[in-house]
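Where a number appears in this text, it was derived from the coordinates with a stated rule and is not lab data. These numbers come from a predicted model, not from an experiment. When we count neighbours, we look across all protein chains shown, and the Cβ atoms used for this are built from the backbone with ideal geometry, even at glycine.
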Amino acid sequence: MDFLFTVLAVLLIIDAVLLIIIVLMQKTKGAEIGAIFGSGAAAAVLGAGASNILTKITYWLGGIFLFIVFAMSYIHHKSLKSSSVLSDIPQTKQTEKK
């Protein structure tokens, strides 16, 4: 489980970086500020339909991001040794005094 958690963590970081890059490449409503972050370069490289492609890629990367986060949460929850705080308390033996 630790190996799977590590692989998912690496994939999550890669997905997050790609998501940041793709969002910054998109053309915003106010194109002046978007040109600073490279939306003009995206249009030059990918053509006129770049915004549609970038939007679809953003949706997919966002969905993958959420899936990986939920999977990591499930794996972490299953890897916990105790199910409650009370099970961590050591039990003491009580001896009867006569």
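Starting from the 7 Å offset along Cα-to-Cβ, what nm value, one decimal, do you get for the label separation of HIS77 and THR95?
Placing both labels 7 Å along Cα→Cβ, they lie 4.4 nm apart.
What order do you get for ILE68, ILE89, ILE14 when you list them from fewest to most C-beta neighbours inside 10 Å?
Details: ILE68 19, ILE89 9, ILE14 13.
Final ranking by Cβ density, sparse to dense: ILE89, ILE14, ILE68.
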